[in-house]
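Presented below is the structure to which this report refers.
The values are calculated or read from the model by the stated rules, or taken from the named source; none is laboratory data. Because the structure is a prediction, the values reported are computed rather than measured. When we count neighbours, we look across all protein chains shown, and the Cβ atoms used for this are built from the backbone with ideal geometry, even at glycine. Note: areas computed on protein heavy atoms with side chains; ligands, DNA, RNA excluded. Shrake-Rupley method; radii C 1.70, N 1.55, O 1.52, S 1.80 Å.
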Amino acid sequence: MIVVSDASPLISLAVVGHLDLLQKLYSVVLIPEAVHGEAIGVEDDAPGVAALVSAPWIRVRAVRDRALVEALTLKLDPGEAEAIALSVENQAGLLLMDERRGRMAATRLGCRVVGVLGVLLEAKVQGHLSVLRPVLEALNTQAGFHVSAALIDRVLEAAEE
């Protein structure tokens, strides 16, 4: 299955030390050039950034459909627009994206979208994480990843925690 990612899931997982979950779950993750720029633009000394920059299983790909990117950038940032376009043109089985507007646009174009919480839940289900709660807490405190308490409760319930 082809998996494409936006910057947010990569950066969030790298900051909390769980970027490797993407490789364990998907083997290879494609990212467009704009996402690569966003991801390596994170402060060099931020936790996990060295792993993000050097991960050989994260592969940068150029987006060919520039018209789609231009149309999407009317409402989305360049990384989100390129990630969606790359997902569409590669008929990816999964797009990793957290931002609500981007997820809505991707869904309208037929993409299957999962955010970082979905990735973590899948990692727990497959046995790559023994406990989910501390990772969710680290996302909030270390990566500035904020979601509602109700959503956290639903994810923990699904993870049987």
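Any residue in the stretch 48-59 that's closer than 23 Å to MET1 by Cα and open to solvent by 80 Å² or more (accessible area, probe 1.4 Å): show its pairings with residues that are at pLDDT 80 or above and part of a loop (DSSP other than H, G, I, E, B) at Cβ separation under 8 Å, as long as the two are six or more apart or on different chains.
Final answer for the pair search is ARG59/VAL28.
Among the numbered conditions (1) open to solvent by less than 30 Å² (accessible area, probe 1.4 Å); (2) in contact with a Leu (Cβ under 8 Å, 6 or more places away or on another chain); (3) in a loop (DSSP other than H, G, I, E, B), tell me where GLU161 comes up short.
With respect to (1) open to solvent by less than 30 Å² (accessible area, probe 1.4 Å); (2) in contact with a Leu (Cβ under 8 Å, 6 or more places away or on another chain); (3) in a loop (DSSP other than H, G, I, E, B), GLU161 is out only on (1).
Filter the stretch 1-33 for residues that are open to solvent by 30 Å² or more (accessible area, probe 1.4 Å) and among the acidic types (Asp, Glu) and give the result.
ASP20, GLU33 - these are the residues of the stretch 1-33 that are open to solvent by 30 Å² or more (accessible area, probe 1.4 Å) and among the acidic types (Asp, Glu).
Given the condition among the hydroxyl-bearing types (Ser, Thr, Tyr), under 17 Å from SER5 (Cα atoms) and touching a Leu at 6+ places or on another chain (Cβ under 8 Å), answer yes or no: does some residue in the stretch 93-112 qualify?
Residues of the stretch 93-112 among the hydroxyl-bearing types (Ser, Thr, Tyr): 107.
Add one more test, that the residue is under 17 Å from SER5 (Cα atoms), and what stays is 107.
Add one more test, that the residue is touching a Leu at 6+ places or on another chain (Cβ under 8 Å), and what stays is none.
Checking the stretch 93-112: not a single residue is among the hydroxyl-bearing types (Ser, Thr, Tyr), under 17 Å from SER5 (Cα atoms) and touching a Leu at 6+ places or on another chain (Cβ under 8 Å).
GLU80 - would you say it is under 22 Å from HIS18 (Cα atoms) and under 14 Å from the mean Cα position of the chain (by Cα)?
On the way: under 22 Å from HIS18 (Cα atoms): yes; under 14 Å from the mean Cα position of the chain (by Cα): yes.
Considered against the rule, which asks whether it is under 22 Å from HIS18 (Cα atoms) and under 14 Å from the mean Cα position of the chain (by Cα), GLU80 comes out as yes.
For VAL60, work out the one condition from (1) over 30 Å from THR141 (Cα atoms); (2) outside any helix (DSSP H, G or I) it doesn't fulfil.
The number of the failed condition is (1).
Got at least one residue in the stretch 99-108 being crowded, with 18+ Cβ neighbours inside 10 Å, over 14 Å from the mean Cα position of the chain (by Cα) and over 25 Å from GLU157 (Cα atoms)?
Yes, that holds for at least one residue.
So in the stretch 74-93, with the set limited to residues that are assigned to a loop (DSSP other than H, G, I, E, B) and among the polar types (S, T, N, Q), which one is surrounded by the fewest Cβ atoms within 10 Å (Cβ to Cβ)? Lay out the reasoning, then the answer.
Taking the stretch 74-93 first, the residues assigned to a loop (DSSP other than H, G, I, E, B) are 74-77, 90-93.
Filter once more, keeping what is among the polar types (S, T, N, Q): 90-91.
On the way: ASN90: 15, GLN91: 9.
Restricting to residues being assigned to a loop (DSSP other than H, G, I, E, B) and among the polar types (S, T, N, Q), the top hit is GLN91.
Can you tell me which residues in the stretch 111-149 are assigned to a helix (DSSP H, G or I), open to solvent by 60 Å² or more (accessible area, probe 1.4 Å) and farther than 18 Å from GLY93 by Cα? Please lay out each step first, then the result.
Step one: filter the stretch 111-149 for residues assigned to a helix (DSSP H, G or I), giving 116-125, 133-143, 149.
Next cut, open to solvent by 60 Å² or more (accessible area, probe 1.4 Å) only: 122, 125, 133-134, 137, 140-142, 149.
Of everything in the stretch 111-149, those that are assigned to a helix (DSSP H, G or I), open to solvent by 60 Å² or more (accessible area, probe 1.4 Å) and farther than 18 Å from GLY93 by Cα turn out to be VAL125, ARG133, PRO134, GLU137, ASN140, THR141, GLN142, ALA149.
Looking at (1) at pLDDT below 95; (2) part of a loop (DSSP other than H, G, I, E, B), which is the only condition ASP153 fails?
Failing condition for ASP153: (2).
Report yes if ALA85 is touching a Ser or Thr at 6+ places or on another chain (Cβ under 6 Å) and more than 20 Å from VAL119 (Cβ to Cβ), otherwise no. Walk me through how you get there before you give the answer.
Values: touching a Ser or Thr at 6+ places or on another chain (Cβ under 6 Å): no; more than 20 Å from VAL119 (Cβ to Cβ): yes.
Considered against the rule, which asks whether it is touching a Ser or Thr at 6+ places or on another chain (Cβ under 6 Å) and more than 20 Å from VAL119 (Cβ to Cβ), ALA85 comes out as no.
Yes or no: ALA71 touching a residue at least 60 places away in the same chain (Cβ under 8 Å), in a helix (DSSP H, G or I) and among the small types (Gly, Ala, Ser)? So that I can check it myself, show each step before the final result.
Details: touching a residue at least 60 places away in the same chain (Cβ under 8 Å): no; in a helix (DSSP H, G or I): yes; among the small types (Gly, Ala, Ser): yes.
Here the answer is no, as ALA71 does not meet what is asked.
Just one of (1) in contact with a helix residue (DSSP H, G or I) (Cβ under 6 Å, 6 or more places away or on another chain); (2) closer than 26 Å to LEU72 by Cα trips up ALA143, so point out which.
(2)
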